[in-house]
1. Can you give me the number of residues within segment 183-202 that are farther than 18 Å from A316 by Cβ and over 25 Å from the mean Cα position of the chain (by Cα)?
2. Every residue in segment 227-245 that is within 10 Å of the chain's Cα centre (by Cα), near the ligand (Cβ under 9 Å from one of its atoms) and aliphatic (A, V, I, L, M), please.
3. I'm told D50 meets every condition in (1) open to solvent by less than 50 Å² (accessible area, probe 1.4 Å); (2) on the phi < 0 side of the Ramachandran plot except one. Can you identify the failing condition by its number?
4. Filter segment 292-327 down to the residues that are among the aromatic types (F, W, Y) and buried (at least 18 other Cβ atoms within 10 Å of the Cβ), then identify the one that is farthest from the ligand (Cβ to nearest atom).
5. Output yes when any residue across segment 168-184 is surrounded by 17 or more Cβ atoms within 10 Å (Cβ to Cβ), among the hydroxyl-bearing types (S, T, Y) and in a helix (DSSP H, G or I), and no when none is.
6. Tell me which residues, restricted to segment 1-31, are under 12 Å from M413 (Cα atoms) and open to solvent by 10 Å² or more (accessible area, probe 1.4 Å).
7. Out of the residues in segment 147-167 that are closer than 23 Å to S434 by Cα and open to solvent by less than 10 Å² (accessible area, probe 1.4 Å), which is nearest to the ligand (Cβ to nearest atom)?
8. Any idea which residue in segment 193-214 is farthest from the ligand (Cβ to nearest atom), counting only those that are of a type in the set (D, E) and surrounded by 16 or more Cβ atoms within 10 Å (Cβ to Cβ)?
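The values are calculated or read from the model by the stated rules, or taken from the named source; none is laboratory data. Since the model is a prediction, treat every value here as computed from it, not as a measurement. In this analysis, Cβ positions are derived from the backbone assuming ideal geometry, glycine residues included, and neighbour counts consider all displayed protein chains. Accessible surface is based on the protein model in full, side chains and every heavy atom, while ligands, DNA and RNA are left aside. Shrake-Rupley method; radii C 1.70, N 1.55, O 1.52, S 1.80 Å.
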Amino acid sequence: IPVEPFDLIVFGGTGDLARRKILPALFRRYCAGQMGGSSRVIGAARSDLDEAGYRAFVSDAIAEFDPDATQNRDHLSAFLERVSYVILDARGDAGWDKLAALVQKDRVRAYYFSVGPGLFGDLAQRLHTYGMSDADSRIVVEKPFGRDLASARDLNRVLAQHFEERQIYRIDHYLGKETVQNLMAVRFGNMLFEPLWNSQYVDHIQITVAESVGVGGRGEYYDRAGAMRDMMQNHLMQLLCLIAMEPPAKFDPDAVRDEKLKVIRALDPVEPDCVVRGQYQADDGAPGYRDEVEAPDSTTESFVAIRAHISNWRWAGTPFYLRTGKRLKARASEIAVVFKDAPHSIFGVQAGRHRNILTIRLQPNEGIELGVTIKEPGPGGMRLIDVPLDMTFAEALGPDSADFPDAYERLIMDVIRGNQTLFMRGDEVEEAWSWTDPIIEGWEERGEAPIPYASGSAGPDDALMLMHRDGRRWREIR
Ligand code: BG6
């Protein structure tokens with residue numbers, strides 16, 4: 001569906017995120033016919049480029065990060081016609097008059113702050129001063145949204161001086177992932193699951209976001225953040241909210257975000273023995289974390305696992321195990337809802353213990369799998385085995401269905417349409433920091449260092465113990 005003509009202004013237009021994600025996403029939406037009319041993309045940054053230079057930059061970015069770019073050459077030149085560039089200083093006045101003259105006031109304008117949070121205030125202030133922050137304008141801000149509760153509050157306050165909450169789109173790109181949205185469809189579009197979705201029937205829930213890559217070229221940022229701030233406070237907590245929240249009355253922004261907020265508010269504080277943090281070691285050939293970030297004494301974690309509890313009527317007594325880390329065995333993200341044993345086995349002890357597990361595979365090989373127990377075929381009596389009822393989306397819906405739009409494509413179009421459902425509200429972000437801050441402060445106070453783990457492993461053994469001591473096991477990362 002085409003959207004109204006818009007101007008999207010990318011501050012930090014020559015940065016890494018613009019190159020890898022924002023510009024290729026816009027191009028794909030253009031190819032899909034969604035950048036109708038005279039919609040434009042305006043890059044703004046300090047780099048000394050003219051329009052032709054920026055168009056070449058955009059073209060290179062698309063060639064590098066859009067796998068289908070070469071098939072869409074005709075589209076590419078037409079798309080580049082829509083692209084312009086302004087040299088601009090976020091902290092000074094250079095370039096702002098030119099930008100103000102360029103943007104059109106009679107259409108939706110989205111200002112994408114693809115810059116560090118230190119510049120959010122300057123940008124918001126100047127958009128206001130130069131008359132660009134009226135009711136039809138929106139701002140998009142990237143994570144990390146602050147580094148703790150105090151800084152997130154400051155950012156919210158600064159943005160609120162010039163923009164209303166309905167104009168602020170805080171991105172967590174996990175919410176734009178097709179399978180994450182599917183989580184809500186599965187929960188609230190079926191009768192089958194919801195009646196069992198509580199502590200009476202669910203033994204525990206596991207959320208794993210495992211990456212095989214290390215910190216790569218982002219060492220400087222990452223070493224100040226760590227897995228807790230980079231992944232847990234946002235992506236994993238958002239997944240936790242979607243899996244645990246009450247059914248919202250409607251699929252609309254505040255109804256959904258109110259329910260997510262209630263989950264975060266109901267989280268118990270985490271005891272020190274319910275958290276494990278790790279740091280990956282050098283492996284033959286691959287550098288260790290400390291080599292990669294060039295900080296030989298760094299105590300930043302590249303892995304974190306938590307046992308969380310939600311103290312509310314639905315979930316009291318059901319633990320949620322969350323883990324995320326870099327340089328693990330595989331890139332594999334999934335949510336597993338592990339149901340309780342059947343109350344009584346009519347087949348006797350020899351039939352063994354069997355459990356239903358509903359697995360939502362976020363990436364790769366996106367799909368949903370339900371483990372069910374059946375009789376093992378054959379004459380040998382009543383022997384039970386577990387088999388997956390597997391719905392790999394690519395198989396169930398045809399190969400084209402595996403061609404999911406990138407999260408940024410969906411999210412940017414939602415900004416233009418004015419739909420905030422998949423964006424974090426200010427109070428949600430603050431509440432998430434209130435839960436993670438004491439964990440991080442605890443590490444600092446106790447001078448606790450992360451536990452080393454082998455690259456290509458499942459993380460430190462202590463993370464395995466976190467479940468073993470409860471008589472449970474993590475699912476294999478593969
Ligand atoms: C980003 C983190 O938000 O998410 C990165 O900053 C991480 O450290 C990335 O690698 C993971 O995203 P995805 O979409 O590849 O799972």
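1. Residues that pass the stated criteria total 2.
2. Of everything in segment 227-245, just one residue is within 10 Å of the chain's Cα centre (by Cα), near the ligand (Cβ under 9 Å from one of its atoms) and aliphatic (A, V, I, L, M), namely M231.
3. Failed condition: (1).
4. Among residues in segment 292-327 that are among the aromatic types (F, W, Y) and buried (at least 18 other Cβ atoms within 10 Å of the Cβ), the one farthest from the ligand (Cβ to nearest atom) is W315.
5. Yes, segment 168-184 contains at least one residue that is surrounded by 17 or more Cβ atoms within 10 Å (Cβ to Cβ), among the hydroxyl-bearing types (S, T, Y) and in a helix (DSSP H, G or I).
6. Result: I1, P2, V3, E4, P5, R28, R29, Y30.
7. A152
8. Among residues in segment 193-214 that are of a type in the set (D, E) and surrounded by 16 or more Cβ atoms within 10 Å (Cβ to Cβ), the one farthest from the ligand (Cβ to nearest atom) is D203.
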